[in-house]
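> If you scroll down you'll find the structure; I have some questions about it.
The values are calculated or read from the model by the stated rules, or taken from the named source; none is laboratory data. On a predicted model such as this, the values are computed, not experimentally measured, just so you know. Positions of Cβ are backbone-derived with ideal geometry, glycine not excepted, and every protein chain shown enters the neighbour counts. Accessible surface areas use protein heavy atoms only, side chains included; no ligands, DNA or RNA. Shrake-Rupley method; radii C 1.70, N 1.55, O 1.52, S 1.80 Å.
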Amino acid sequence: MKLDFISAGAAQGIVATVGREAGVETAGSFGAVGAMLEKFRAGEACDIVILTDAQIAALAAAGKIDARTCADLGSVPTSIAVRAGDPAPDVAGEGMLRDALVAADAIYFPDPQKSTAGIHFAKVIEALGIHAQVSANFRTYPNGATAMKAMAQASGHPIGCTQSTEILATPGVRLVAPLPPGFDLETVYTAAVSRASAHPQESAAFVSRLAGEGARASRVAAGFRGFGIRRAASADLAAIRQIVGGVLGEYGLALDPGGTDRDLEDLETSYFARGGTFEVAVASDGSLAGCCGVFAAGDTVCELRKMYLVPGARGFGLGGRLLRRAMAFAKGRGFERMELETAAVLKEAIALYTGAGFEPIARKPLAPRCDQAFAITL
């Protein structure tokens, strides 16, 4: 079996690894996300697309990918690299990073117009106030992989910057550290099956394997970290109920298995079979950290349900990611309006909803533990 990819270069290593393990030939285009998005939009054939989570969400909303197959590989920090035999500079702070870049006689990084890492690193150079001083030493390449390969073969005293996954996958270079706080960037990469895939079932299985528990150690070794989001499975139900009950308990509310929370008896019946979805957030150790469902309430209206995060998963932007994914799925599925019910005590959640454009509505009857309702036109 051969599957074709249009993918961010950051995922090339893990795709190759999982492909070998699965006995699947992987081919296609791997490079800067901007260029890859252009290829996909221009109609280049592929089975699986891997881009940033925001780009995949936009494609899901446009119906260009199968939103049911979306699965995060994890987040990747933009990082500093040197050749394998060179001493690693200390880049733990602004001044140290500035000194390391000024001391180098060549600075290798990917396309500052189309590459996630290149665009960001160019801004870092400007923020450090050293552009005029070091611009003559810039060595830019179409993507991070080619930049790192070139640096590995360079002479003198070079330094580089790109995604950690591309550094770890390139012989002859080594990872120094992520960019320091204030200059750092974590990029979440998401895989999904193209609507035009010639092998949709096989592609969906590969995406599940790529983002699944069996490949977690390989993803970590490749440089992926942080929280991922994937489609929920029946085996997740006990953990989902524990998350929902635990968060409700924080606010003095109770799980209602026979009423409001009856939808957690069977996700297939309650969500998937009706045309909705239910996703879970997964921590880097494989434990579930959150959940979010889109419930089909009619042909054009859906409900956002069961959006909860455990305490340790808050403050990382994960709630926003779950919400964007849910809204993108709903729009791509053809829903025109999304509604939700909540309780006034859940102030942080309400702030997230209103920040995304939800507005208060009058809705009766409300679930017993809810006293507010919101809606948004998709």
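> On full extension of the chain, what length is gained from Arg314 through Arg41, given 0.36 nm per residue of separation minus the C-alpha to C-alpha distance?
Gain in length upon complete extension: 94.9 nm.
> Whose amide H sits under 5 Å from the amide H of Ser79, counting only residues 5 or more places off or on another chain, with H placed in the peptide plane?
Thr162, Gln163, Ser164, Leu179
> Run the simple label-point estimate for Asp285 and Ala238 please: 7 Å along Cα→C-beta, distance reported in nm.
Between Asp285 and Ala238, the label points sit 1.8 nm apart.
> Using the Karplus curve 6.51 cos²θ - 1.76 cosθ + 1.60 with θ = phi - 60°, what ³J(HN,Hα) values do you get for each residue of segment 171-177, in whole Hz, with x for Gly and Pro?
For segment 171-177, the Karplus-derived couplings read x, x, 10, 9, 6, 8, 5 Hz, x marking Gly and Pro.
> Quick one: if you stick a label point 7 Å off each Cα along the C-beta vector at Arg262 and Arg139, how many nm between them?
Roughly 6.7 nm, to one decimal.
> Next question. In nm, give the distance between the simple-model label positions of Glu359 and Ala273, each being 7 Å from the Cα along the Cα-to-Cβ direction.
3.7
> With +1 assigned to the C-beta of every Lys and Arg and -1 to the C-beta of every Asp and Glu, and no other charges, what is the dipole magnitude of the chain about the Cα centre in debye, to the nearest 20?
Using Cβ point charges on Lys, Arg, Asp and Glu, the chain gives about 340 debye.
> Sort 1-13, 302-314, 18-30 by the packing proxy (mean of other Cβ within 10 Å over each peptide's residues), most packed first.
By packing density, highest mean first, the sequence is 1-13, 302-314, 18-30.
> Along segment 362-377, what does the Karplus equation 6.51 cos²θ - 1.76 cosθ + 1.60 (θ = phi - 60°) give for ³J(HN,Hα), rounded to whole Hz, x for Gly and Pro?
In residue order, the calculated couplings are 8, 9, 9, x, 8, 4, x, 8, 10, 9, 9, 9, 9, 8, 9, 7 Hz.
> Label 7 Å along Cα→Cβ of Ala103; segment 74-91 residues with amide nitrogen under 14 Å?
Under cut-off, by backbone N: 81-83, 86-91.
> Over the chain, what relative contact order in percent results from Cα pairs under 8 Å that are six or more residues apart?
Computed over the chain, the figure is 18 percent.
> Summing -39500 (n - 2.57) over the DSSP H runs of n ≥ 4 in the chain and dividing by its residue number, what mean residue ellipticity at 222 nm do you reach, to the nearest 500 deg cm²/dmol?
For the chain, the value works out to -10000 deg cm²/dmol.
> Per residue, how many Å² of accessible area does the chain show with a 1.4 Å probe?
Per residue, the chain has 42 Å² of solvent-accessible surface.
> Can I ask one more? Over segment 202-317, what is the relative contact order in percent, taking alpha-carbon pairs closer than 8 angstrom and at least six residues apart?
That works out to 24 percent.
> Need the list of lysines near Lys2 for cross-linking: C-alpha distance under 27 angstrom, and skip anything on the same chain fewer than eight residues off.
Within the straight-line limit of under 27 Å, Lys2 reaches these lysines: Lys39, Lys64, Lys149.
> Can you give the net charge of the other residues whose Cβ lies under 15 Å from the Cβ of Gln372, counting K and R as +1 and D and E as -1?
Combined, the nearby Lys, Arg, Asp and Glu give -1.
> Still on this model: Between Val220 and Asp184, what length comes free when the chain is fully extended (0.36 nm per residue of separation minus the Cα-Cα distance, one decimal in nm)?
Computed gain between Val220 and Asp184 is 11.1 nm.
> Turning to a different aspect of this structure: Counting Lys and Arg as +1 and Asp and Glu as -1, each charge on the Cβ, what is the dipole of segment 7-53 about the Cα centre in debye, to the nearest 20?
Roughly 80 debye for segment 7-53.
> Taking the Cα centre of segment 143-243 as origin, sum charge times position over the Cβ atoms of Lys and Arg (+1) and Asp and Glu (-1), and report the length of that vector in debye to the nearest 20.
Roughly 180 debye for segment 143-243.
> Related question: Using 0.36 nm times the number of residues separating Gln372 and Asp299, minus their current alpha carbon distance, what extension gain do you get?
That pair, Gln372 and Asp299, stretches by 23.9 nm at full extension.
> Starting with the highest mean, order 65-74, 92-101 by the number of other Cβ atoms within 10 Å, averaged over the residues of each peptide.
Top of the packing list down: 65-74, 92-101.
> Something else about it: Hey, which aspartates and glutamates would be in cross-link range of Lys347, C-alpha to C-alpha under 14 Å, not counting anything within fewer than 8 residues on its own chain?
Counting by Cα, and skipping residues close in sequence, Lys347 has these aspartates and glutamates nearby: Glu250, Asp371.
> Just the C-alpha atoms of segment 324-378: what Rg/Rh do they give, with Rh taken as the Kirkwood radius?
Checking Rg against Rh, the ratio lands at 0.98.
> At 27 Å minimum axial length over the Cα atoms and a Kyte-Doolittle cut of -1.0, report the qualifying DSSP H helices in the chain, or say none.
Helix filter hits for the chain: none.
> Work out the charge dipole of segment 35-104 with +1 on the Cβ of Lys and Arg and -1 on the Cβ of Asp and Glu about the Cα centre, then indicate which of Thr52, Phe40, Pro77 is farthest towards its positive end.
Checking the options against the dipole of segment 35-104, the answer is Phe40.
> Report the one residue of Ser197, Phe227, Gly182 whose Cα lies farthest in the direction of the positive end of the charge dipole of segment 158-234 (charges on C-beta: Lys and Arg +1, Asp and Glu -1; origin at the Cα centre).
Positive-end residue among those listed: Ser197.
> Of all accessible surface on segment 259-378 at a 1.4 Å probe, what whole percent is carbon and sulfur?
With neighbouring chains kept in place, the figure for segment 259-378 is 52 percent.
> To continue, here is another question. If you average 1/r over every pair of different alpha-carbon atoms in segment 53-176 and take one over that average, what Kirkwood value in Å do you get?
After inverting the pairwise mean of 1/r, the radius is 15.3 Å.
> Give the calculated FRET efficiency between Val345 and Ala254 to the nearest 0.05, with a Förster radius of 22 Å applied to their Cβ-Cβ distance.
0.95
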